[in-house]
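To start, the structure under review is shown below, and the notes come after it.
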Amino acid sequence: MPARLFVLGTFDQAETALYDVDLMRCLHEAGITPAGVVYKRSRPAENPDRPVENGPGPDGRHLIHVHDFNATDLVQRLGELSADLLIYAGGRDLLRGPLLASARLGCIGGHYGRLPEMRGMGTPEWSVLIGQAPTVAVQRMTPGVDVGDVVMQARVPLLSTDNFASIRERSYYLTKTMLALAARRMLLDDVAGTPQAPGVGRQYYRLHPALHLRAERKLTRMLSAAP
Amino acid sequence: MTSIEILKTRLRLLRAAWRAGSALDPPHFAEVVVQSALNPYVSAAHLQMLAGLDEPYRSQCAAALVAHPALPVRTLRELGEFDDPYRSQCLAAVMARPDLDLAKLRSVYVFADPFRTLCLGLLAASHPVNEDRLVDLQALPEPFRTRALAALVADPAVDTRAIQAMGDLPEPFRTLTLSLAVTRGRNDAEPARRGMPVPGVPTAVLAPPPAPPPEIDAARVAEFGHHRPEVPGHADVFFRDVFGVSEPAYEDDRHLTETLEWLLRSRDVTGTAGFAASYHFVHGWLPPYPETTGYIIPTLWDAYAQLGDQRYRDAAREGADWEIAIQMASGAIQAGYLGADPQGFWNADVPVPAAFNTGQVVLGWNRTFEETGDSRYLEAAARACRFLVQCVDETGVFRQGLSPGPRNPTRSYYTRVAWAMCWTSQLTGEQTFASAARRHLDWVAGQQLPDGWFPFASFQDDGKPLTHTMAYTAEGLLQAGLRLGDERYVAASERHVAAAMQACEKRGFFLPAYFTEGWKSTETFSCLPGNAQFATLWLMHSLRLRDLTMANTGLKMVEWLKGRQSLDNPEPGIRGGVPGAWPIDGGYSIFSMVNWAAKYFADALLEARRVKRELVDAG
């Protein structure tokens with residue numbers, strides 16, 4: 001699909017391996033070839049002060065190494081590259097307005113939790129605690145926390161042997177797949193996203209170990225009661 | 001047994017103890033004799049079995065036997081083969097767990113510290129660690145050895161031989177390899193793997209290695225230099241906070257009892273039944289503080305109800321008596337401390353009546369009346385409330401009896417006084433108390449902004465309240481609302497604490513000491529009494545609403561506060577106390593362990609007990 005899609009993420013793989021990460025494979029299967037990857041390393045000392053661009057290579061793809069996705073230089077460069085869509089591959093970065101507006105269709109990202117009810121952190125555990133099915137969502141990123149338009153969301157299939165680690169792992173792959181599908185539909189102008197109703201839902205935070213234990217107990221009961 | 005029989009038994013025991021004690025050296029001799037005479041269960045024969053041991057270990061064993069007569073004397077004797085400090089550590093371990101296997105203690109003895117002490121802690125805590133596997137780790141270099149031990153604690157199935165083989169790998173590859181070995185198959189529900197406290201084991205053992213220390217601000221060190229850095233224990237706290245390190249967190253009840261012990265110590269040092277305001281790094285223990293003694297009293301009654309230690313009950317009652325003895329003729333309680341304030345904040349030529357302080361003491365009297373049925377406490381409370389009624393104007397603002405320290409002419413945190421007045425009204429049937437209280441509560445609730453913010457909650461007229469007084473305001477509304485069955489006050493409190501919860505969580509779980517309207521803050525330090533008060537409020541509201549998110553934030557704050565409390569500091573004024581600020585040289589009650597922080601931390605721990613029992617564990 002001829003589109004200017006850029007993936008943003010924190011990756012510690014070698015540059016040659018960046019097009020082989022899980023999200024890239026999903027995009028490939030969805031028929032999308034990203035125009036480039038904007039990445040940073042998890043150790044801040046390994047990131048350049050200003051964006052360093054490598055490319056375009058023979059395949060026409062760009063690799064841009066940054067220390068901050070909101071860097072003015074990067075925002076300007078993405079504008080020059082006429083980006084259609086950004087995909088945020090995940091992490092705890094706060095993406096600001098100028099970056100999100102630098103691509104024609106904005107930026108999409110994944111979230112483990114049903115929107116608009118469940119924003120924030122520890123959401124698989126909180127979902128179980130409040131009796132909601134673990135869900136993953138794809139949203140159009142905004143500067144707020146998980147308040148963007150919902151492009152797609154789906155319940156995470158559960159197995160009787162599941163625990164939170166296995167649910168998170170399944171959520172991870174489900175999110176990558178959904179991000180690729182959502183990107184394809186957005187690039188085809190097939191979907192725009194549904195705005196979240198204001199005032200609905202709440203933000204959740206990291207769990208105290210006692211609450212985590214309670215969530216585990218509840219999950220065990222929930223799975224053993226399932227048909 | 002009749003009184004005379006008891007006396008005869010005591011005398012017989014005294015003689016036996018004298019014989020046993022004669023084998024000991026002064027000054028331990030007299031102490032053991034007197035203590036054993038007071039303890040009808042200690043065996044003189046057991047004391048005599050200690051005769052061949054070296055000092056000071058012999059006296060330590062004697063004191064241990066007096067405290068725990070069922071201790072196995074043979075084990076105590078055999079521990080004598082070890083050198084100090086391991087011998088003393090083992091004695092403490094055996095006191096905690098008398099069935100401790102001597103062979104295991106011997107196997108750990110050969111290790112070098114600090115590894116040996118950590119291993120001993122695991123044995124004493126009945127942790128299912130295999131001592132043979134500890135041997136695999138003992139030759140590893142530090143700090144990798146401690147990390148490896150933490151890995152073994154977190155996952156008893158981890159391959160220690162494989163970890164031993166990692167010893168020669170270069171860092172950071174070695175630690176990364178270790179973390180991979182531990183993360184493999186971590187999906188079961190074992191608490192230790194989740195960072196849950198294991199009984200008796202400091203959480204720090206399970207925590208990842210600390211981040212490298214930041215550079216030290218020379219100005220802060222220079223300031224600390226004026227706060228008696230030479231006193232053992234002072235620098236421990238200061239550098240702990242400068243480096244951003246946490247104290248080990250143990251089970252809640254251990255922190256609770258240590259906090260209560262600190263409070264009792266703060267009382268004993270005054271020579272009265274009032275509680276010293278604080279332990280200050282320069283001035284030592286400050287004079288007794290009537291206001292906070294008043295609101296410490298209900299905490300002691302709660303602690304007595306939950307833990308059953310009669311010293312808490314006695315301290316509560318004696319504190320209430322002391323407050324009656326110092327009540328002013330007007331019915332009021334004075335501002336400030338009872339005695340000269342070495343810091344010069346509260347000094348006045350003559351005692352000044354203070355409405356806020358009076359209200360806090362009324363809370364103590366009312367609770368003591370409810371617990372004892374003694375009408376003297378209720379009469380004192382009624383006298384006090386007659387004074388308080390005169391302090392509230394027609395609009396509901398306290399205009400008279402304003403404490404002279406704070407400068408704000410209009411104060412919303414006097415809701416805690418209104419709570420005391422409502423309560424006294426219910427106990428006495430005197431409606432004027434409740435109507436004056438309601439005027440104030442209505443005025444405060446009417447001031448509240450839609451985002452939960454209360455104007456006028458500050459000590460100063462600056463619109464920048466401390467979390468301490470913000471929480472005061474919410475506490476008064478909640479408690480008065482519950483007493484009166486008036487949902488408006490309860491809802492106002494709930495709006496405020498819910499907003500504070502968001503403000504704390506959104507800052508990466510940091511509650512700044514000060515806020516301004518709109519819940520804005522750029523402060524970089526916390527006011528620990530405020531943190532503890534909000535923890536209690538979040539927990540109380542979570543129980544009322546059956547709200548797990550508020551319970552979550554409250555429990556996390558309790559956990560955070562544990563990391564600010566030292567349980568092994570050599571200075572008794574610090575050990576078990578809670579600082580006024582974090583870091584300790586922050587902007588509130590600096591270099592001090594304040595009694596109201598200890599009181600509110602105890603309240604939070606007591607409330608956490610209820611929440612875990614009734615809300616979290618019940619689910």
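Just so it is clear, none of the values below were taken in a lab; they were calculated from the coordinates. Predicted model, so just to flag it, every value in this text is computed and none were measured. All Cβ positions, even for glycine, are placed from backbone atoms using ideal geometry, and neighbour counts span all protein chains on display.
List every residue whose amide H lies under 5 Å from the amide H of A:Y204, counting only residues 5 or more places away in sequence or on a different chain, with H placed 1.01 Å from N in the peptide plane.
The answer is A:R119, A:G120, A:M121.
Can you compute the helix-only [θ] at 222 nm over the protein assembly as shown? Use -39500 (n - 2.57) per DSSP H run of at least 4 residues, normalise by all residues, nearest 500 deg cm²/dmol.
-15500 deg cm²/dmol
So who's got an amide H within less than 5 Å of the one on A:V147, skipping anything under 5 residues away but keeping other chains? H placed 1.01 Å off N, in plane.
HN-HN under 5 Å from A:V147: A:T142.
Show which lysines lie in cross-link reach of A:K40 when reach means a straight Cα distance below 26 angstrom and same-chain residues fewer than eight apart are skipped.
Counting by Cα, and skipping residues close in sequence, A:K40 has these lysines nearby: A:K176, B:K506.
Residue by residue through the range A:63-78, which ³J(HN,Hα) values in whole Hz follow from phi under the Karplus form 6.51 cos²θ - 1.76 cosθ + 1.60 (θ = phi - 60°), with glycine and proline marked x?
Computed from phi, the couplings for the range A:63-78 are 10, 10, 9, 10, 9, 8, 5, 8, 4, 4, 4, 5, 4, 5, 5, 5 Hz.
Across peptide A:196-207, what mean number of C-beta atoms from other chains lies inside 10 Å of a residue's C-beta? Mind dumping the intermediate values first?
On the way: counts 0, 0, 0, 0, 0, 0, 3, 4, 4, 11, 6, 6.
Taking all residues of A:196-207 together, the mean is 3.
How large is ³J(HN,Hα), in whole Hz, for each residue of the range B:57-71 in order, when computed from phi with the Karplus curve 6.51 cos²θ - 1.76 cosθ + 1.60 and θ = phi - 60°, using x for Gly and Pro?
Coupling constants for the range B:57-71: 4, 4, 5, 4, 5, 4, 5, 5, 5, 5, 6, 9, x, 8, 4 Hz.
For A:I108, what residues show an amide H to amide H distance below 5 Å, using hydrogens built from the backbone and excluding near sequence neighbours?
Amide H neighbours of A:I108: A:L86, A:I87, A:Y88, A:M141.
Taking the mean number of other Cβ atoms within 10 Å as a proxy for protection, how do you rank B:450-458, B:292-300 from highest to lowest?
So the peptides B:450-458, B:292-300, ranked by packing, come out B:292-300, B:450-458.
Determine the sum of side-chain charges near B:V397: Lys and Arg each +1, Asp and Glu each -1, restricted to other residues whose C-beta is under 14 angstrom from that of B:V397.
Charge balance near B:V397 sits at 0.
Evaluate peptide B:545-557: per residue, the Cβ atoms of other protein chains within 10 Å of its Cβ; return the mean as an integer.
Values: counts 0, 0, 0, 9, 10, 0, 4, 12, 3, 1, 5, 7, 1.
Mean partner-chain Cβ count within 10 Å for B:545-557: 4.
Using θ = phi - 60° and the Karplus curve 6.51 cos²θ - 1.76 cosθ + 1.60, what whole-Hz ³J(HN,Hα) does each residue of the range B:378-389 get, with Gly and Pro shown as x?
The phi angles translate into 6, 5, 4, 5, 5, 4, 5, 5, 5, 5, 5, 4 Hz.
Considering every residue in A:118-125, what mean count of other chain Cβ atoms within 10 Å of its Cβ is obtained?
1
When chain A is treated as a GNM, springs tying every alpha-carbon pair under 10 Å, which of A:H28, A:H62, A:H208 comes out with the largest mean-square fluctuation?
Result for chain A, Cα springs under 10 Å: A:H208 fluctuates most.
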